[in-house]
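Report on the following structure.
Just so it is clear, none of the values below were taken in a lab; they were calculated from the coordinates. All figures in this text were calculated on a predicted structure; none of them were measured in a lab. So basically every Cβ, Gly included, is an ideal-geometry build from the backbone, and we count neighbours across all protein chains shown.
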Amino acid sequence: MPDGEDWLLAPALAGVCRYESIIDGTLGLHDIALMNDAMAVKADNEAEARRRAQDDKNG
């Protein structure tokens, strides 16, 4: 599992949640992990869609 502030703050920086929700305990580490996993899956899916579109374009 990634560590450090980058991992902890990634959902807030992506606009998925508010920074205050992280620091005031509204969101727990499980919530942060779930959001980070979802963002990673979304990024992977978008990259795959771009690759397929490029492959289709190139024949």
* Summing Lys, Arg as +1 and Asp, Glu as -1, what charge do residues with Cβ under 10 Å from the Cβ of residue 26 carry, residue 26 excluded? -> -2
* Asked: To the nearest 10 degrees, how steeply does helix 29-58 sit against the main Cα axis of the chain, on a 0 to 90 scale?
  -> 10
* Virtual spin-label span in nm between residue 44 and residue 14, 7 Å along Cα→Cβ -> 1.2
* To do: For log10 I(q)/I(0) by the Debye sum over Cα atoms at q = 0.14, 0.21, 0.27 Å⁻¹, several values are listed as (1) -0.48, -0.77, -1.07; (2) -0.45, -0.85, -1.11; (3) -0.48, -0.94, -1.11; flag the one computed from this structure.
  => (1)
